[in-house]
Amino acid sequence: MDTVFGVSYNGGVVLATDQVNARSILMYQQNLDKIAELSSHSAMGVSGPNCDLVNFSEYISKNLALYELSNDGLRLSTHAQANFCRGELAKALRKGPFQVNIILGGYDDKTPTGGSLYVMDYLGSCTKAKYGAQGYASNFCLSIMDRDWDENLNEEAAVALVEKCMKELQMRFLINQSNFIIKVIDKEGVRTLKFGADPTDN
């Protein structure tokens, strides 16, 4: 039932997820942060069972931190991080699959538009995209993104596009996803723009 959005714009990336931790008919919490920061300038929105979501997010972020420490502070590009994630998902398929679907975004100085976005599923497929949605949200929101996204999008317009998708879900989707968290990744790094419920309030 998880929802993950990603929109790239001229200068960065916007990631958003719902904040609900639920299983079957039970809701456990409504302030979960499903966007894991991988480095100072990259993060990934993850959907899936909470155990796999936390396990895989921490595994990837700690391995990327280890790589940086082992290589004199060299930080992997967003493209390299996406391929590392994809490789780990594929490797786990025949051992113990992670039931996670991911949208990974980051900012690189060498990328023409600055921001880049990668969409992955639990089977290890990975594709670079301008925008994406994971979960049931894709049925409602990919058409909105397809219509409203353009190459000259700025941060304000990208956030407005994500919020438009949230409103559509709240109006059309059977499940009530009341809280969302939005993070922006640009040349300044990863920052939380807004949230429905404070993730630190546990």
I'd like to check which strands (runs of 3 or more DSSP E) are fully inside segment 1-43 and have at least 2 residues that are more than 26 Å from Gly73 (Cα to Cα). 4-9, 12-18, 21-23, 26-29
Being more than 19 Å from Ala82 (Cβ to Cβ) and in contact with a Cys (Cβ under 9 Å, 6 or more places away or on another chain) narrows Ile144, Ile102, Ile175, Ile181 down to just Ile144
Would you please name the residue that is farthest from Pro112 (Cα to Cα), looking only at residues in segment 151-202 that are open to solvent by 70 Å² or more (accessible area, probe 1.4 Å) and of a type in the set (Lys, Arg)? Arg172
Please work out which one of (1) open to solvent by 10 Å² or more (accessible area, probe 1.4 Å); (2) on the phi > 0 side of the Ramachandran plot is the condition Thr127 fails and give its number. (2)
Yes or no: segment 30-46 includes at least one residue that is farther than 22 Å from Gly132 by Cβ and among the basic types (Lys, Arg). no
Which numbered condition in (1) of a type outside the set (Lys, Arg); (2) within 18 Å of the chain's Cα centre (by Cα); (3) open to solvent by less than 60 Å² (accessible area, probe 1.4 Å) is the only one that Asp148 fails? (2)
Checking the conditions here, which among Leu32, Leu38 is buried (at least 18 other Cβ atoms within 10 Å of the Cβ), in contact with a Pro (Cβ under 9 Å, 6 or more places away or on another chain) and touching a residue at least 24 places away in the same chain (Cβ under 8 Å)? Leu32
Residue in segment 66-81 that is modelled with pLDDT of 95 or more, surrounded by 15 or more Cβ atoms within 10 Å (Cβ to Cβ), in contact with a helix residue (DSSP H, G or I) (Cβ under 7 Å, 6 or more places away or on another chain) and not in a strand (DSSP E or B) present: yes
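The values are calculated or read from the model by the stated rules, or taken from the named source; none is laboratory data. Every value quoted in this text rests on a predicted model; they were computed, and no experiment measured them. For neighbour counting, all protein chains shown are included, and Cβ atoms are generated from backbone atoms with ideal geometry for every residue, glycine included. The protein model used for the area step is the full one, side chains on, heavy atoms only, and it has no ligands, DNA or RNA in it. Shrake-Rupley method; radii C 1.70, N 1.55, O 1.52, S 1.80 Å.
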